[in-house]
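The values are calculated or read from the model by the stated rules, or taken from the named source; none is laboratory data. Computed from a predicted model, the values in this text were never measured in an experiment. Backbone-built Cβ (ideal geometry, glycine too); neighbour counts: all protein chains shown. To get the accessible areas, we keep the full protein, side chains included, count just its heavy atoms, and leave off ligands, DNA and RNA. Shrake-Rupley method; radii C 1.70, N 1.55, O 1.52, S 1.80 Å.
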Amino acid sequence: MKVRTWFRIHSFTGVITGLLLFIICWSGTFAVIAHELDWLVTPETRIDVPKAPLDWEAVVRNVEDAYPDATLRWLIAPLHPLSSAEVIIDLPEKKSVRVYADPASAELLGDYSYFNVQRFFRSFHRNLFLPGIGIYVVSAFAVSMLVSLIAALMFYKRWWRRFFRLPKLHSRSFWSELHKTGGLWSLWFLVVIGITGLWYLVEAARYDFIDGKISYAGTAHYAVHQLPVPNHPNGLPAQPLTQLIEKARTERPDLEIRSVYIDGPTIVIQGQSDHLLVRDRANRVRLDRYTGEVLYNQTPHDYSLYWRWTDTADPLHFGDFGGLWSKSIWFLFGLLLSGLILSGTYLHARRLAGEAKERHRWPGTSAAMVVSVLVLAASSSFGFIEVRDYYGLVVEGAHQLPNLAPGVSAVINGWVALTLGILAGWVWMLWRSTSALQRRPTD
């Protein structure tokens, strides 16, 4: 294809998908540091002294004493040295409550809804709160991103020589050259995000349309390798959590325990070992809660290439494999990627408005804008319903909004306001450039 054709493809994908693509990349950028934002704005997530060894049994005992009607679901070790531990419980009137505890003293520091900054950004970025189709809508934009990237490399001549071609500050082409240079330095990031985003589309399609499988091994129907569920007589006491954890450590002395999940009569202990770029769930030990028997021990060595990649895609997509250092890099490049989307649209609009002989406007631009606005409106409506029905209180049979930490509400509302402001400026820019083009006299 001709160079100009590749340029048109690059411009077309940017203009048609720009609004929603920006929203998805912008939210993903903040999803990378969402845990850290929660730590900053929620006092209960912080402790004053760097963490000592976590006393799992004491934490559980204090939670059971404070919440006698609770169903224990999940225990999460501190993420950072000054972070508290978390216990996820269900209450009769409120599902998925986060209880924060000092890891050393086991003192309970408070509780809030499971819905926090991290949950907001993760859910919004994953599926825009759209039930059923949301993950397909979001993942489809990975295709747009990769097509735009390939087209850019095809029309930008000798791009491999231009990584250090810095734009001149006062030149007319400053923004264009800055856009190109930023795009070159973001190549690796675009490839990583595009490929992993596309993989989520493959996973969803397999689950919904092929065999309904999405995990390697477990007791749930969606696991490829079905594990047996122990059957014990009623009244048999469960073994102490500390004892079960010690048995898991004996079985897997290499395992740094990150979380403990209670799954009926079994307990799943998972974390990190010496395997690079895998989710915590890749390393897991499943034990019988009542006999202490090790039922299943999983390492990434057990995986085929398919499942190894499945548990690698997430760390690559969100950059959480190296702690704050890798997260900071992913956050900065996420900001750069979001800026590239906005600047690309600006450059295209300015070009249309500034070239007297240019009469080409992409067909479908107005329709794409309308569809994007409708998707975002639906996202807001379904998001409100999901937050209320899944995370809120139930009072006399009626669902209420969840109890959020004040800082969490401030971050979410502030991000929404900032995003709307950016989008308003983006739409105004497109409208002004289109109006300028329409006012030009014809030849």
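Taking segment 126-141 as the range and being within 17 Å of ASP208 (Cβ to Cβ) and either assigned to a helix (DSSP H, G or I) or open to solvent by 20 Å² or more (accessible area, probe 1.4 Å) (or both) as the test, the residues that pass are ARG126, ASN127, PRO131, GLY132, ILE133, GLY134, ILE135, TYR136, VAL137, VAL138, SER139, ALA140.
Here ALA204 meets each of (1) surrounded by 14 or more Cβ atoms within 10 Å (Cβ to Cβ); (2) free of Cβ contacts under 8 Å to residues at least 60 places away in the same chain; (3) of a type outside the set (S, T, N, Q); (4) closer than 30 Å to GLY344 by Cβ with one exception, condition (2).
Going through (1) surrounded by 21 or more Cβ atoms within 10 Å (Cβ to Cβ); (2) at pLDDT 95 or above one by one, VAL41 falls short only on (1). When segment 294-336 is filtered for residues that are in contact (Cβ under 8 Å) with a residue 12 or more places away in the chain, within 25 Å of THR266 (Cβ to Cβ) and outside any helix (DSSP H, G or I), the ones remaining, listed by number, are VAL294, LEU295, TYR296, ASN297, GLN298, THR299, TYR303. Looking only at segment 174-184, decide whether some residue is in contact (Cβ under 8 Å) with a residue 12 or more places away in the chain, part of a loop (DSSP other than H, G, I, E, B) and of a type outside the set (Ser, Thr, Tyr). No, the conditions are met nowhere in segment 174-184.
From the list HIS35, HIS10, the lone residue that is modelled with pLDDT of 95 or more and not in a loop (DSSP other than H, G, I, E, B) is HIS35. What about ILE16, is it in a helix (DSSP H, G or I), among the β-branched types (Val, Ile, Thr) and modelled with pLDDT under 90? Yes, satisfied. If you check TYR290, TYR296, TYR306 for being open to solvent by less than 50 Å² (accessible area, probe 1.4 Å), of a type in the set (Ser, Thr, Tyr) and out of contact with any Gly (no Cβ under 8 Å at 6 or more places or on another chain), only one passes: TYR296. In summary, strands (runs of 3 or more DSSP E) completely within segment 56-117 and bearing 2 or more residues that are open to solvent by 40 Å² or more (accessible area, probe 1.4 Å) and either hydrophobic (A, V, I, L, M, F, W, C) or closer than 25 Å to PHE384 by Cα (or both) occur at 71-76, 108-113. Summed over segment 209-248, the residues that are under 19 Å from GLU57 (Cα atoms) and surrounded by fewer than 14 Cβ atoms within 10 Å (Cβ to Cβ) give a count of 5. Being open to solvent by 60 Å² or more (accessible area, probe 1.4 Å), under 24 Å from LEU241 (Cβ atoms) and either part of a loop (DSSP other than H, G, I, E, B) or in contact with a Gly (Cβ under 6 Å, 6 or more places away or on another chain) (or both) is the requirement here; does PRO53 meet it? Yes, satisfied.
Cβ-Cβ contacts under 7 Å between residues 6 or more apart (or on different chains), taken from a first residue in segment 225-251 that is in contact (Cβ under 8 Å) with a residue 40 or more places away in the chain to a second residue that is of a type in the set (Lys, Arg) and outside any loop (DSSP other than H, G, I, E, B), are listed as LEU227/ARG286. Test each condition in (1) out of contact with any helix residue (DSSP H, G or I) (no Cβ under 7 Å at 6 or more places or on another chain); (2) open to solvent by less than 50 Å² (accessible area, probe 1.4 Å); (3) under 23 Å from ILE422 (Cα atoms) for HIS348 and report the one that comes out false. The single condition HIS348 does not satisfy is (1).
Can you find a residue in segment 167-184 that is open to solvent by 90 Å² or more (accessible area, probe 1.4 Å) and basic (Lys, Arg)? Write out each step before concluding.
Filtering segment 167-184 down to residues open to solvent by 90 Å² or more (accessible area, probe 1.4 Å) leaves 168-170, 172, 175.
When the remaining residues are screened for being basic (Lys, Arg), the result is 168, 172.
Looking for residues that are open to solvent by 90 Å² or more (accessible area, probe 1.4 Å) and basic (Lys, Arg), one finds at least one in segment 167-184, hence yes.
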